[in-house]
Amino acid sequence: MAGRRPPQRRARRRRRNLEELEPTQLTTYQPSTAPVPEGEIIIERGSTARDLGPKLNRSAGDIVRFLLLQGEMVMATQSLSDDMIELFAAEIGADVRLVDPGEEQEAELLARYFEDEDEEDEADQRPRPPVVTVMGHVDHGKTLLLDKIRSANVVAGEAGGITQHIGAYQVEWQGNPITFIDTPGHAAFTAMRARGAQVTDIVILVVAADDGVMPQTIEAIDHARAAEVPIIIAVNKIDRPDSDPQRVLQQLSERGLVPESWGGDTITVETSALQGTGIDDLLEQIVLVAEVEELTARVEGEARGVVLEANLEAGRGPVATVIVQQGTLRVGDPVVAGAAWGKVKALVDDHGDHIKEALPSTPVQVLGFSEPPHAGDEMRGAKDLARARTLAEARAQRFRLSGHKPVAATAGARLEDLFEQISRGETATLNIVLKADVQGSLEAVTESLKRLERDDVKLSFVLRGIGGITENDVQLAAASNATIIGFNVRPDRRSRELAESSNVEIRTYEIIYKLLEDLEAAMVGLLSPVYEEVVTGEAEVREIFRVPRVGAIAGCYVRDGRITRGSKVRFLREGTVIWKGSINSLRRFKEDVREVASGFECGIGLSDFQDLKEGDVIETYEEREVART
Ligand code: GDP
C-alpha cells in the first residue's frame, strides 16, 4: 500500500492553481437581500465556495467574505468544512442538507420519488408503541432482564413460546404493546445513530446494585443524553446480599440523574432479573413514560423504517430485520434499503409467524431484498419497483465508484503522502475516519489529534464514530481520500478486504501516544514502518464453560484460518477489541492440541480473562513488517 498515490493528483493540483489565479471571482457580490432558494437545498460535503454560491443564489465572493469576517481564510476553490457551510446557510436563512460526495443524485431521486417526511399530516398520526433499548455496564444483567421480560410477557395463546430471535421483539403489558431491541448495549445504539437513524424512544439503564455506576454506565448515560432519549433506571440484582441500591442512587445523582424519591425527575425501579422481581413495575414505568412522550406515527401510506440487522440465510436469501417507523409495510410492497431493493416476499414476526402487514414500531423480518442491506440503513416503501430499483442502483453505483477512485471534491492527503505535500510547501489536510471503542476514547483521541495541528497540517474528520471498522467506513474513506484510524477497534474480514482492494489505509492503535507519535513522524516524513498484522485465524465463541480453579473455557468454532496455541489473540465484540493476550490452552475433545483448523470446534482457555460471551470473536494474528517504498 505504501507509496501508492492517485496518479491524477499532480494534474489536478496544477489546474487548481490556475483557477486560483482567476481574478474576477472575489469581486462580485450579491446584495444581502437577494432571495434565498426555498425548501431544502442539497449540498455535497466538501463543496467549495464556488460550488456552494450558485445553489444559494450567492456568489463565491459572498461566502469567502463572510467567512473572512468570521476569522476563516478560505479560497473560492477550497473545500469548505460542514461548519462553514452551515454557518453561511444560517446567515442567509437557507435550509441546507449536507450529503456525502456522490450522494446528491440519490438525494434528488429521493425527493422526486418518495413522500417527504416533513409533509406528514398531523391528522394522520396515531399513537404507537415505544421502542426500548436496554443499556448498562457489562454483567449488570441486561441480557437476563431482556430474557425475563420476553418470557414472562408472551402474548396469550402463544403456547409454544417464542422461537425466533430476530433482533427485536414485542411484548404486551396490560394491553400495551412495547418493543424491545434485543441487542443490549450501546454499540448498536451508537452505530445506528452515527448513520443518522434513531430507533430508540426510551433507554433502560441497568445498574447492578452490588457493583454501582461503572464506566459503561456513564457512557450509556452520555449516549442517551446525546440522543435526547428519556432514561429509566433499573437498579438490578437487589436479591444479592451485598446489594446497596441507595449507593447506586447516590452515584446517579452525582451524574445529574436525581431519583424521583429524592425529589428529582429520574424514574428508578428496583429489579432482580434473576428472581423476576420489579419487572412489572419496570414495564408500567415504560408505558407511563411512553404516554408522556406522546409517541405517534402515520399509519397510512408508504412504509419507512430502519434496518436493525441483515444477513444472507440459506434457503431464505437476504433477510433483514426492520423496525417500521411510519406507514404500513405489506407483503408485495416494493422496498429499498441502502443499495438493496426488491418486493416484499414475506414478513415474519418475532414469533416466527408469517404476517401480512407490519404497523409502526413493529419489528419484522423482511424477505425479498436483492441483497442484505446494512444495519442502520433506512428502509422505504416505494410506489413501484422501478423507483426502488433506480434509487438502489444509484447508491450501488456510488459505492462502486467510491471503492475505486477518490472523489476530487475532497482533496486531502493520506498519512503516507503527508510529508511529501508539506515539503512542497503546501498546506496539507489529513482526512481521517476515526473509529473508537467508546465515546470517552473517541473524544480523548480527537482532542489529542487536534492538538497536533499546525499551520501547514490541518486535520479533517470525515467521520468520527464508535464501533468496529465497517465496510461503510472503508467506502467513506475511499470516497474522501481518508486514512482510517481505529482506536481499540478492528476491521472485520470483509472491511479489511475492501480496504485492500480500494487502497484505503487502516491504522489501528491501542495506545494514544503511539498514535500521536506516528502522526508526528508522518509530519516530518519519518513514518515508522507499518506492521501489518496478518490475521491467522478466526473463531466464534459458541459457549462459555466455567471450570472451578481453572477459570473460563470458551467453546469455539473456527471459522477461518487456524488457531494455534501460544499465538497472540484479541477478543472482539461487535468489532470492538475487548481484550488482548495469548491463548493459554487449546483442546479438542479433552485432548490438548497445538492447532485447530477451520471448520472444527475447540475449547480455548482464557487465563485471567473471564468476560467472554457467546457470539464474540477470537482472532489470532501475527505481526509482519511491511516494506515502505
Ligand atoms: P449483561 O452483560 O448486562 O447482559 O449481563 P447478564 O444478563 O449476562 O448477567 C450477568 C450475570 O449476572 C449472569 O450470570 C446473570 O445470571 C447475573 N444476573 C443478572 N441479573 C441478576 C439479578 O438480578 N440477580 C442476580 N443475583 N444475578 C443476576
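Go through 612-623, 567-578 and give me the packing order, highest mean Cβ count within 10 Å leading.
On the way: 612-623: 17.8, 567-578: 19.4.
In decreasing order of mean packing, 612-623, 567-578 become 567-578, 612-623.
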**Message:** With a 1.4 Å probe and all protein chains kept in place, how much accessible area does residue 369 have, in Å² rounded to the nearest 10?
**Reply:** 10
**Request:** Place the peptides 205-214, 130-139 in order of packing, highest mean first, counting for every residue the other Cβ atoms within 10 Å and averaging per peptide.
**Result:** 130-139, 205-214
**Message:** Can you give me the distance in nm between label points at residue 90 and residue 455, each placed 7 Å from the Cα along the Cα-to-Cβ direction?
**Reply:** 3.0
**Prompt:** List the aspartates and glutamates whose alpha-carbon lies under 13 Å from that of residue 345, not counting same-chain residues fewer than 8 positions away?
**Reply:** 333, 357
**Prompt:** Can you give the Rg and Dmax of the stretch 273-356 based on its C-alpha atoms, in angstrom?
**Reply:** 16.7, 46
**Item:** Cβ-derived FRET efficiency at R0 22 Å, residue 500 paired with residue 582, nearest 0.05
**Value:** 0.25
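How would you rank 246-258, 268-280, highest first, on the average number of other Cβ atoms within 10 Å across their residues?
268-280, 246-258
Below 8 Å, C-alpha to C-alpha, sequence gap of six or more: please give me the relative contact order for the stretch 308-390 in percent. Mind showing how you got there, number by number?
Working: 205 pairs, mean separation 31.9, N = 83.
Worked out over the stretch 308-390, it gives 38 percent.
Plugging the Kirkwood radius over Cα pairs into Stokes-Einstein for the stretch 244-310, at a temperature of 4 °C and a viscosity of 1.567 mPa s, what D comes out in µm²/s? If you can, show how the numbers build up before the last one.
Working: Rh = 15.0 Å.
It diffuses with D of about 86 µm²/s by this estimate.
Using the structure shown, select from 356/383; 142/237; 343/383; 435/568 the pairs with a Cα to Cα distance greater than 21 angstrom. Could the numbers behind the result be given before it?
Details: 356/383 18 Å; 142/237 11 Å; 343/383 11 Å; 435/568 23 Å.
Checking Cα-Cα distances, 435/568 exceed 21 Å.
The values are calculated or read from the model by the stated rules, or taken from the named source; none is laboratory data. Computed from a predicted model, the values in this text were never measured in an experiment. Don't worry about glycine lacking a Cβ; one is built from the backbone with ideal geometry, like all the others, and counts go over all protein chains shown. Just so you know, the surface numbers come from the protein's heavy atoms only, side chains and all, with ligands and any DNA or RNA stripped out. Shrake-Rupley method; radii C 1.70, N 1.55, O 1.52, S 1.80 Å.
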